[in-house]
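J.: First the structure, then my questions, so here it is.
The values are calculated or read from the model by the stated rules, or taken from the named source; none is laboratory data. Note that the coordinates shown come from a computational prediction; the quantities given were computed from them, not determined experimentally. Here the Cβ positions follow ideal geometry from the backbone for every residue, glycine too, while neighbour counts run over all protein chains shown. Each accessible area value is taken on the protein alone, full model and side chains, heavy atoms only, with ligands, DNA and RNA left out. Shrake-Rupley method; radii C 1.70, N 1.55, O 1.52, S 1.80 Å.
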Amino acid sequence: MELKNYNDFVNSLLDAGFSMDGGNSEGVFSVISWNWDEAPPYDTPVRRHTGNPETDPWEWRIRVLDERDDIAYAKLFYKKSGYITKEWYPYFLAVRRGGKNFMDEYSDGTMSHFAKRIYDVIIENETLPLHAIKQIGGFSKEDTSKFDRALVDLQMKMYLTMYGKQQMLSKKGEEYGWSSTVFCTVERYFGKDIIEKADKINEREATEKITEQVYSLNPAADPKKITKFIKS
């Protein structure tokens, strides 16, 4: 489908079930087929960073989160941003979590202490903008690299997801600076039933189903890249 606007994008995404953001640089699948340093392969007004909510994919990220409850957006593939619909989310959860919860993985050493600090702050507050996570969690500038890595890991393992954005406020309650990304747990975003659905799906079955869908969307996708797309 040739994308002309936001509605085209949403309809294509719902049909596909998942998509990388910002083009198909990894050669697996993206609803927007071209990378941003390339010209679109067909005549379309879709352009990044124009500020137009109908034709700017940069605006679509937050618009999806604000207007819908059946699409998640976060760092999901190759530690890059992407989308997964509610229909397909349990299959990725079945693979990424493998039936474990956060404390299981923390005890196993597969999730870091920094990840636990971030996760605990989110659990206590339900939804928090990025700057508040750092403030409440007591993260310093020296912690930046470990903090950033842990936040990506929490999204890739599908414990946290983006919830929207929020303007920063001064002590006087006045808005200032850039808006800050808001995060919440996956359970808060989609509901606990999403975890129950995932727990009923065998990891191998989930992998096979996603793989089959990738090939239906992109028959030329590389098997190794598909595996990383699903499991990373």
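J.: One residue is enough: does region 197-207 have a residue meeting the conditions within 17 Å of A74 (Cα to Cα) and among the hydrophobic types (A, V, I, L, M, F, W, C)?
T.: no
J.: With the checklist (1) surrounded by 14 or more Cβ atoms within 10 Å (Cβ to Cβ); (2) at pLDDT 95 or above; (3) not in a helix (DSSP H, G or I) in hand, flag the one item S180 doesn't pass.
T.: For S180, the exception is condition (2).
J.: Just a yes or no: is a residue in region 14-23 on the phi > 0 side of the Ramachandran plot, part of a loop (DSSP other than H, G, I, E, B), modelled with pLDDT under 95 and open to solvent by less than 30 Å² (accessible area, probe 1.4 Å)?
T.: Checked region 14-23: at least one residue is on the phi > 0 side of the Ramachandran plot, part of a loop (DSSP other than H, G, I, E, B), modelled with pLDDT under 95 and open to solvent by less than 30 Å² (accessible area, probe 1.4 Å).
J.: Shifting gears a bit: What do you reckon, is G109 at positive phi and either open to solvent by 40 Å² or more (accessible area, probe 1.4 Å) or of a type outside the set (S, T, N, Q) (or both)?
T.: Taking the combined requirement at face value, the residue satisfies it.
J.: Just checking, how many residues over region 55-89 are more than 16 Å from I226 (Cα to Cα) and open to solvent by less than 10 Å² (accessible area, probe 1.4 Å)?
T.: Residues in region 55-89 being more than 16 Å from I226 (Cα to Cα) and open to solvent by less than 10 Å² (accessible area, probe 1.4 Å): 10 in total.
J.: Just to verify a result, which residue in region 151-167, among those that are open to solvent by 50 Å² or more (accessible area, probe 1.4 Å) and more than 20 Å from R96 (Cβ to Cβ), is modelled with the lowest pLDDT?
T.: Q167
J.: Which members of region 1-10 meet the condition of being exposed (fewer than 14 other Cβ atoms within 10 Å of the Cβ) and of a type outside the set (D, E, K, R)?
T.: M1, N7
J.: Conditions: (1) touching an Asp or Glu at 6+ places or on another chain (Cβ under 8 Å); (2) under 25 Å from A206 (Cα atoms); (3) not hydrophobic (A, V, I, L, M, F, W, C). P53 meets all but one. Number of the miss?
T.: Failed condition: (2).
J.: Would you check if there is a residue in region 137-146 being over 18 Å from the mean Cα position of the chain (by Cα), open to solvent by 60 Å² or more (accessible area, probe 1.4 Å) and of a type in the set (G, A, S)?
T.: Yes - at least one qualifying residue is present in region 137-146.
J.: Tell me, which helices (runs of 4 or more DSSP H) lie completely within region 53-121 with 3 or more residues that are of a type in the set (D, E, K, R)?
T.: Of the helices (runs of 4 or more DSSP H) lying wholly inside region 53-121, those with at least 3 residues that are of a type in the set (D, E, K, R) span 57-67, 102-108.
J.: A further question on this structure: Take the residues of region 187-204 that are more than 23 Å from R68 (Cβ to Cβ), in a helix (DSSP H, G or I) and touching a residue at least 60 places away in the same chain (Cβ under 8 Å): which is least open to solvent (accessible area, probe 1.4 Å)?
T.: Restricting to residues being more than 23 Å from R68 (Cβ to Cβ), in a helix (DSSP H, G or I) and touching a residue at least 60 places away in the same chain (Cβ under 8 Å), the top hit is E203.
J.: Given the conditions (1) within 30 Å of D193 (Cβ to Cβ); (2) buried (at least 18 other Cβ atoms within 10 Å of the Cβ); (3) among the hydrophobic types (A, V, I, L, M, F, W, C), report the number of the one that V46 does not fulfil.
T.: (1)
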